[in-house]
Structures are given as structure tokens and as C-alpha cells.
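First up is the structure itself, then whatever we jot down about it.
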Amino acid sequence: MYLQRTIRQRVAVDGIGLHTGEPARIVFRPAPPDTGIYVLRGDLPGTPSIRVHAENVSATSLATTLSSSAFSVSTVEHCLSALAAYRIDNLYIELDGPEIPIGDGSAKTFLDALLSVGFVEQEEPRRYLYVTEPVFYGEGEKHAYVVPYSGLRVTCVIEFAHGAIGKQRIDVDINETSFAREIAGARTFGFLKDVEAMRSRGLARGGSLDNAIVLDDQGVMNPGGLRFADEFVRHKVLDALGDLVTLGRPLLGHVVLHKAGHDVMNKLARKLLQSTDRWREMQLGGEYAWAGKY
Ligand SMILES: [Zn+2]
């Protein structure tokens, strides 16, 4: 039987906030079985919390934001991504301010922290969301599907009218190894003109070549270049995995994305959760244990 998972002990991640440029810290804390994933504000009276769930997402095309009446927190997807790949069922993510640290713009900082303390199995069986019929959401040329699959897999296509990106496609069977090697290190990216526009609105004060790939008309501005030739589409897979955590339970399915951003991912997640005739809750017993990929 595949059991629920949390982390062995608390662990902190320090850095700076993307928008404020101020120091930011989160602490990952173990949570009891059947809790799910929560974001908390330890610095606010009463320690308000938001469940990481599609209903609590106010997404934009640039980042996924979780909101409640007490607070909002933006760009949660990089921190959540590793939780999808490593099948973490229960976790508290405690913030001490308005922002999650940006790290190097990838999921690496968060994954390193989680791996440094390790994971522990809990006494309750994991309850997967097992897709039995395809679900589709589309807006114009942006398409997102989830179809039945005996594991977790993401296929992603992006297309940007920029010589350094162009059309990129990737198909990854997601497990701990493939995530750590192929996806976790892929950084977010932006165009210099957009970064300048955000700065003029008081945003992205913490943004730099240390935490994003920045492109100008000539190409990649980062002195070290890219980590992967197709780092851009790999980062989109990272983002999508983070957004899948908002389903509230681990997915068994194949997600296929064509030019789909966080807004489309949130619509897909909401539609999937509502389409209760197209998935069922499933526990995995010993006969699947050989595969080791769930
Ligand atoms: Zn991202």
C-alpha cells in the first residue's frame, strides 16, 4: 500500500522576495495525515492559513497566487512543484512575510531543503486522483488536457516569437529522478522590456539575472547562458507540476499542455475537480509496488 508522506522535520528556506526585494523565509513543517498542503502566515495575528487548492487560486498568466480574506501569496508554483513530483501529501509552508523566497528562479532551493530532511511515511493510505476519462480546457490557441495514465506524465509545447526560444516540446514521465535531473533546475524567464515595465510599477525589485533567465532582442543576457538547451519548456513543466498540487491530492494522469499558462492550468484543475464522473479516488496496493513510480 502506498502511504501518505510528509517531511521528517522542519526545514527553512531563506532568500529574497521577487517583488519586494526584501529578505524572505519559509519554513516547511511536517503535517498530520489527511491534512493536505497549507500555506500559513506565522507573522500575522492568529497565524491565518490558506489550503493549497484550485478554489483558492487567483491565477494570472505570470504566476499562481493563493488568496484568502487574511492574505495573498504569489508565485507559489516553484515551491509547490517538488511536492507534486515527490508525492508529498501533507505539509505546512509557513511564511514570515508577504513573499516566498525566489531562490534561483527554479525549484532547486526548495527541493534541496526537502531532501536535506527527507520524508516519512504516515499511517494513512495515499488517496490519488485517478483520471478515467479525458478532461479538456481551451481558450483560443491555449489548450490543456488531462488523459488517463498509470503514473504522472507531462507533455508541454510552447511557442514564442523570439529566436532564443521558438517552438519547444518536451514529454516527461514524472518521478523523483526525472524531476531532480530534468526539471527542478529549470529557471523562470522573462523579457527585458517586461522586467523594465514591472520595475516601473514597483514590482520585481528583487528580480535579477541571479533568479531568472532574462532575454533581450539579441538573446539570453545571463553570462552563464542556459542550463538546458530547452530550459524554457522545462520550466513550464515545473510550473504545471506546482499548479497540479492545487488538485488537493496526487494525480494519476497525463497532462498535455499547448501554450498553456497558470490561468489555463487553474481552469483545467477546476474543471477536473468538478468532472467527478471522469476520475475517481484510488489507493494503490502491493500489486503496483514493483513499478515504483507512483
Ligand atoms: Zn515559473
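The values are calculated or read from the model by the stated rules, or taken from the named source; none is laboratory data. These numbers were taken from a predicted model, which means no experiment stands behind them. Positions of Cβ are backbone-derived with ideal geometry, glycine not excepted, and every protein chain shown enters the neighbour counts.
Mind listing whichever residues of the stretch 170-226 are part of a strand (DSSP E or B), among the β-branched types (V, I, T) and touching a residue at least 60 places away in the same chain (Cβ under 8 Å)? Those that are part of a strand (DSSP E or B), among the β-branched types (V, I, T) and touching a residue at least 60 places away in the same chain (Cβ under 8 Å): I170, V172, I213.
Of all residues in the stretch 240-260, those satisfying the criterion of being within 19 Å of G166 (Cβ to Cβ) and buried (at least 24 other Cβ atoms within 10 Å of the Cβ) are L257, A260. Checked against (1) within 16 Å of the ligand (Cβ to nearest atom); (2) modelled with pLDDT of 95 or more; (3) surrounded by fewer than 21 Cβ atoms within 10 Å (Cβ to Cβ), K271 passes all but a single condition, namely (1). Among the residues of the stretch 137-188, which ones are over 30 Å from L209 (Cα atoms), out of contact with any helix residue (DSSP H, G or I) (no Cβ under 8 Å at 6 or more places or on another chain) and of a type in the set (A, V, I, L, M, F, W, C)? Of everything in the stretch 137-188, just one residue is over 30 Å from L209 (Cα atoms), out of contact with any helix residue (DSSP H, G or I) (no Cβ under 8 Å at 6 or more places or on another chain) and of a type in the set (A, V, I, L, M, F, W, C), namely V147. I'd like the residue in the stretch 148-179 that is of a type in the set (A, V, I, L, M) and out of contact with any Phe, Trp or Tyr (no Cβ under 9 Å at 6 or more places or on another chain) and, out of all such residues, is nearest to T109 (Cα to Cα). Taking the candidates together, the pick is I174. For the residues A31, A107, A85, A54, the requirement of being in contact (Cβ under 8 Å) with a residue 60 or more places away in the chain and closer than 30 Å to R199 by Cβ singles out A107. So is A229 part of a helix (DSSP H, G or I), more than 16 Å from the ligand (Cβ to nearest atom), without any contact (Cβ under 8 Å) to a residue 24 or more places away in the chain and out of contact with any Pro (no Cβ under 7 Å at 6 or more places or on another chain) or not? Judged against the criteria, A229 is not a match.
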